[in-house]
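Participant: Below is one structure. I have some questions about it.
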Amino acid sequence: MSSGSQRNPTLSVEVPLGDRSYPIKIGTQQIDSFSQTILATLPDLSHALVIADAAVENPWAKQLTDSLTACQTQAGKPVRVSTLTVGSGEPSKSVSQLSEIWQWMLDCSTDRSSVLIAVGGGVIGDLAGFAAATFTRGIRFIQVPTTLLAMVDSSVGGKTGINLPTSKNMVGAFWQPSLVLIDTDVLSTLPERAYISGLAEVIKYGVIDDADFFDWLEANATKLVAREDEAVRRAIAESCRSKSRVVGEDERETSGRRAILNYGHTFAHAIEATAGYGKLLHGEAVAIGMQMAANLAVDLGMCDASLLSRQNDLLLACGLPTTFAEADVDAMLPVMQRDKKVSHGKLRFILPERIGRVGLVGDIAPDAVVRAIESCR
């Protein structure tokens, strides 16, 4: 990331959930001050449990735990800090890993006044968040996302969970954090492919909710790919604002509004499940899934072909894939039938109407879905 960025202001986005509202703080070279922000938000903090992804244990998680250890409680005693490192990747979102975390929390004398802090990508946030939601029926929770994907998506909105052997994110809970802390400097050590993957979710917000943001992304794709601090902070903030608006309107997916966040994901999850987890990064699968969804929308006459073209061009400008030659139609369709948006056996998809607006469309014929998949092979 570029130098001198510590002089830039921290951006703040509020997630509007009444008495459970919380801020998302977005800055650069700020991680050393996170402990002070945490204490200002939770002044009664006396015990912090830090669960870190092994990939970011050093230096990012260590910087946070060192600064927390140096803090004092309201009673003038040192804050007690317990740490646990969890292996990277989807296999950690398992029942066995969750059980180990519960036992660790028990061994650390965790109670409802403790605060669990997740430092890592979406896997760690989902896993630690579910542990926080379930231990003693719920303890406070803070997200410190370290991947672009987690910063703009999984760390915001309160979804937590683990995978079953044959199904992703099928067991979980809605559990909102008390605070989300984002330091874009951590992206400087993120591998190129992982960083680029996160841009798919950023682009998604422009398509589903904010046409002006989509225009800005088209004009600033080169800066984003180069990880220029100011552009990255704005992209994260605008993405979080979009998601916060949607979550504020439909926290627990009761009205259907929150479903728009799944644009491209029905196809993406089927791609991931049939290609084998790890073949494609999540954002890469989402980029391809967005193209399949847009092709389906054009085929159904829902939107103009120019939307498909603009989305394709922006995805490519950000270094993302728009086709997947190994897409297995016969294997993907049964996976889609198990998707949470399926209603009475009928396939439903979030499809674009124009840049900045999408809708939930039901009872789509399988042959139309097949054409959409084949259009991106």
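The values are calculated or read from the model by the stated rules, or taken from the named source; none is laboratory data. In this text, all values refer to a predicted model and were calculated from it rather than measured experimentally. Neighbour counts run over all protein chains shown; Cβ positions are idealised from the backbone, glycine included. The accessibility values were calculated without ligands, DNA or RNA, using every heavy atom of the protein model including side chains. Shrake-Rupley method; radii C 1.70, N 1.55, O 1.52, S 1.80 Å.
Participant: Does a label point 7 Å from the Cα of Asp32, set along Cα-to-beta-carbon, have any residues of region 210-246 with amide nitrogen under 20 Å, and which are they?
Facilitator: 229
Participant: Just the Kirkwood number for region 97-189, please: inverse of mean 1/r across all distinct Cα pairs, in Å, one decimal.
Facilitator: 13.3 Å
Participant: Only Cα pairs under 8 Å and at least 6 apart count here; give the relative contact order of the chain as a rounded whole percent. Before the final figure, lay out the partial values.
Facilitator: On the way: 717 pairs, mean separation 56.9, N = 377.
Answer for the chain is 15 percent.
Participant: Also, quick follow-up: How would Phe174, Phe214 rank on accessible area, largest to smallest, probe 1.4 Å?
Facilitator: In descending accessible area the options line up as Phe174, Phe214.
Participant: Would you mind listing how long region 269-349 runs along its three principal axes, going by Cα atoms, in whole Å with the largest first?
Facilitator: 34, 32, 19
Participant: Heavy-atom accessible area of Val79 with all protein chains present, probe 1.4 Å, nearest 10 Å²?
Facilitator: For Val79, solvent-accessible area is about 10 Å².
Participant: Not counting ligands, DNA or RNA, and with a 1.4 Å probe, what is Leu116's accessible surface area in Å² rounded to the nearest 10?
Facilitator: 0 Å²
Participant: Top to bottom by accessible area (1.4 Å), largest first, where do Val369, Val298, Val95 land?
Facilitator: The most accessible residue leads, giving Val95, Val298, Val369.
Participant: If you wrap a convex hull around the alpha carbons of the chain, what volume per residue comes out, as a whole number of Å³?
Facilitator: Numbers: hull volume 46.9 nm³, N = 377.
Convex hull volume per residue, Cα atoms: 124 Å³.
Participant: Just need the relative contact order of region 1-80 here, percent rounded to a whole number, with Cα pairs under 8 Å and 6+ apart.
Facilitator: 24 percent
Participant: Could I ask something else about it? Can you tell me the length gained on complete extension of the stretch Leu17 to Ala75, counting 0.36 nm per residue apart and subtracting the Cα distance?
Facilitator: My answer for the length gained is 17.8 nm.
Participant: Measure nothing fancy, just the Cα-based angle from helix 95-107's long axis to the longest principal axis of the chain, in degrees from 0 to 90, nearest 10.
Facilitator: Helix 95-107 sits roughly 20 degrees off the main axis of the chain.
Participant: Further question: Within region 226-291, which chymotrypsin sites (Phe, Trp or Tyr not before Pro) sit in a loop by DSSP and count at most 15 neighbouring Cβ atoms inside 10 Å?
Facilitator: Tyr277
Participant: Across region 222-377, how large is the tail of the calculated P(r) beyond 19 Å, expressed as a percent of all Cα pairs?
Facilitator: Beyond 19 Å sits 56 percent of the P(r) for region 222-377.
Participant: I'd like the orientation of helix 192-208 relative to the chain: the angle between its Cα long axis and the longest Cα principal axis, in ° from 0 to 90, rounded to 10.
Facilitator: Long axis of 192-208 versus the principal axis of the chain: about 70 degrees.
Participant: How big is the Kirkwood radius of region 13-84, worked out from every pair of different alpha carbons and given in Å to one decimal?
Facilitator: Mean inverse Cα-Cα distance, inverted, gives 13.3 Å.
Participant: Using only the alpha carbons, work out the radius of gyration and Dmax of region 218-304 in angstrom.
Facilitator: Cα-based Rg and Dmax for region 218-304 come out at 15.4, 40 Å.
Participant: Report the dimensions of region 132-231 along its three principal axes from the alpha-carbon atoms, largest first, rounded to Å.
Facilitator: If we take the Cα atoms of region 132-231, the spans are 48, 27, 26 Å.
Participant: Separate question: Accessible area per residue of the chain at 1.4 Å probe, in Å²?
Facilitator: Details: 15050 Å² over 377 residues.
Each residue of the chain exposes 40 Å² on average to a 1.4 Å probe.
Participant: Taking a 21 Å limit on the Cα-Cα distance, which of the listed pairs Lys204/Lys243; Lys93/Lys346; Lys25/Lys243 fall beyond it? Please report the intermediate quantities before stating the final value.
Facilitator: Details: Lys204/Lys243 10 Å; Lys93/Lys346 29 Å; Lys25/Lys243 15 Å.
Going by Cα-Cα distance, Lys93/Lys346 fall outside the 21 Å limit.
Participant: Separate question: What figure, in Å² to the nearest 10, do you get for the accessible area of Trp104 with a 1.4 Å probe and non-protein molecules left out?
Facilitator: 40 Å²
Participant: If you don't mind, there's one more thing I want to ask. Can you sort Glu192, Glu201 by solvent-accessible area, 1.4 Å probe, largest first?
Facilitator: Glu192, Glu201
Participant: Round to a whole number: what % of the accessible area of the chain belongs to carbon and sulfur, probe 1.4 Å? Intermediate values should be presented prior to the final figure.
Facilitator: Working: 7470 of 15050 Å².
Accessible surface attributable to carbon and sulfur in the chain totals 50 percent.
Participant: Quick one: plug the Kirkwood hydrodynamic radius of region 37-131 (C-alpha pairs) into Stokes-Einstein at 10 °C, 1.306 mPa s, and report D in µm²/s.
Facilitator: Using the Kirkwood radius from Cα pairs, D works out to 117 µm²/s.
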